[in-house]
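Nothing in this text is a laboratory measurement; each read-out follows from the coordinates by a stated rule. Treat the numbers as computed from the prediction; the structure is a model and nothing was measured. Positions of Cβ are generated from backbone atoms using ideal geometry, with glycine treated the same way; all protein chains shown enter the neighbour counts.
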There are 2 protein chains.
Amino acid sequence: MKVKLASHYGFCFGVKRAIKIAEEHKNSATMGPLIHNQKEISRLKKDFNVDLYETIDEAKEHDTVIIRTHGIPKNDLAELKKNDTKVINATCPFVTTPQQIVKKMSEDKYSVVIFGDADHPEVKGVKSYGDDVHVVPNPEALDSLIFKYDKIATVAQTTKQKEKYLDIVNSLILKYKEVRVFNTICDATFENQAATRELSDTVDIMIVIGGKNSSNTKQLFNISEENCVSYLIEDETELDLKWFKDKETCGVTAGASTPDWIIQKVIQNIEKI
Amino acid sequence: MKVKLASHYGFCFGVKRAIKIAEEHKNSATMGPLIHNQKEISRLKKDFNVDLYETIDEAKEHDTVIIRTHGIPKNDLAELKKNDTKVINATCPFVTTPQQIVKKMSEDKYSVVIFGDADHPEVKGVKSYGDDVHVVPNPEALDSLIFKYDKIATVAQTTKQKEKYLDIVNSLILKYKEVRVFNTICDATFENQAATRELSDTVDIMIVIGGKNSSNTKQLFNISEENCVSYLIEDETELDLKWFKDKETCGVTAGASTPDWIIQKVIQNIEKI
């Protein structure tokens, strides 16, 4: 099987930075999974003894805590700092930006709309920085909202699709006198998406590698699926021979939390088919 | 011929207000045409001796000057005030709003994009209140712009179509980190447009009444033309019998500067056909 790799794929700036921070702090622990890739987290535990706390109560009893790339809610961060825990912030700077925007806009009496998934840790964190903040996954969700203020500010989860963000923003612009639109979608996300769109249009099958709970990986899968038969896998063990029957060229891309060593194993396995 | 009138048409709040101001100031004069309707301006001259100045140099030598509904450039206003001319401001409040937004955004170091026609007096006025202000008639015009600042604010000429404003705004959102969108399109304009869209879809022919230099009238004509054969006329003398051959129902609408007495004459003439 011939394999074509997307022109942009895999680790983004924020993930690379977070892993470097974790590797530099042996025997520490992260508050929540550092990135959305279980295998890379296992590697950090095995090679650097970096542990994982699931709750703030657990984390605040320890000396050194690394904040995950997605950030954590404002009060959780305050709780940790209050307990004299050494906090090492690996929050991606592209996530810190919407947190600060939401804080500033709330201070300036804007109601805030976040385009994102309410359950995603990044969104929970960003939301916590504001006063009247509403999370919407699609334009329809706007209909039931009641805003506290008459001016609206919007941010997007960093890994969302720009086109879908525009749908939400446009609905708001038609209804409100001022909508302050912050484009907080990460360029790396956008580049990976554009490369996936381009590649999936030229191959017979696409393999998207990434965590099943990774938002940006799911976006890549959705884009890819529009153009050709696509499969989302976490590693090479999930590859299924029958997917490749009668196919000649396979495209490969990977989410921002997918380490290169996993991508390489997947490619090697597909090339053998 | 059966005539159907649009559910919203004709004089808007700002035009009604300006005409009332002019009628209350007999023997005064307006700086530029008060509204975009030559016949109504002639009536004000005939019935109230309200004159018309075409230039600031002409206006500033007189006692009392009424500012047109579309507003005038900031420096022209300053010039008038400097000369102790009594300035009566008939600028539509919906035009004063974008003027003030452009002023505030420029002070806050935003580059400003106006969706509008560079030659329109309203746009000339609004533009004059800012520092780095760019007038664009369509999204393509954005490509050649170089902005002084990295944050963008947008306003629209009050009589533009909302959907076309979104096209421009969306192009900007995809490129810039912050776009502050002010929806300055006037509700009356929007209501007239929606009513024209609705009516033109149910009749055989549409007559749009208004000044040939009136932006909002042209928008109504463009909308109407998408649905049925449409004609833009200034008054009943322009009606042509052959337009109505084989037609049963005629829709009528009118721009925001078209006085009711002209609309009634047109309707009476069409009904006789």
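Evaluated at q = 0.07 Å⁻¹, a Debye calculation over the C-alpha positions of the protein assembly as shown (equal weights, vacuum) places log10 I(q)/I(0) at -0.57.
GNM remark for chain A: springs join alpha carbons under 10 Å apart, and the peak mean-square fluctuation among A:Ala195, A:Ala254, A:Ala78 falls on A:Ala78. Exceedance of the 22 Å cut-off in Cα-Cα distance is limited, within the set A:Lys177/B:Lys177; B:Lys242/B:Lys272; B:Lys26/B:Lys218; B:Lys26/B:Lys124; A:Lys46/A:Lys160, to B:Lys26/B:Lys218; B:Lys26/B:Lys124; A:Lys46/A:Lys160. Extent of region B:1-60 along its three principal axes (Cα atoms, max minus min coordinate, largest first): 49, 21, 21 Å. Across chain A, the longest run free of exposed loop sites, meaning GluC sites (Glu not before Pro) lying outside DSSP classes H, G, I, E and B with no more than 15 other Cβ atoms within 10 Å, spans A:62-247. Take the alpha carbon gyration tensor of chain B, find the square roots of its eigenvalues, order them as a ≥ b ≥ c, and report rounded if a/c is under 1.5; if not, report prolate when a/b exceeds b/c, else oblate. Oblate shape, in that a/c is at least 1.5 and b/c is the bigger or equal ratio. Compactness of region A:94-181 is given as radius of gyration and Dmax, 11.5, 31 Å, from Cα positions.
Hey, in the GNM for chain A with a 10 angstrom Cα cutoff, which one of A:Asp132, A:Asp201, A:Asp246 fluctuates hardest? Result for chain A, Cα springs under 10 Å: A:Asp246 fluctuates most.
Rounded to the nearest Hz, the phi-derived 3J(HN,Hα) couplings of region B:243-250 under the Karplus curve 6.51 cos²θ - 1.76 cosθ + 1.60 (θ = phi - 60°) are 4, 9, 4, 6, 9, 10, 10, 10, where x marks glycine and proline. Distances, shortest first, from the label point of B:Ile273 to those at the same position in the other copies read 6.8 nm; the point lies 7 Å along Cα to C-beta.
Projected label points at A:Arg17 and B:Glu225, each 7 Å from Cα along the beta carbon direction, are separated by 5.2 nanometres.
Using a ≥ b ≥ c from the Cα gyration tensor of region B:220-273 (square roots of the eigenvalues), is it rounded, prolate or oblate, where a/c under 1.5 gives rounded and otherwise the larger of a/b and b/c decides, a/b for prolate? Oblate shape, in that a/c is at least 1.5 and b/c is the bigger or equal ratio. Towards the positive end of the charge dipole of the protein assembly as shown, with charges on Cβ (+1 Lys, Arg; -1 Asp, Glu), say which of A:Ala18, B:Ser106, B:Val181 has the farthest Cα. Result: B:Ser106.
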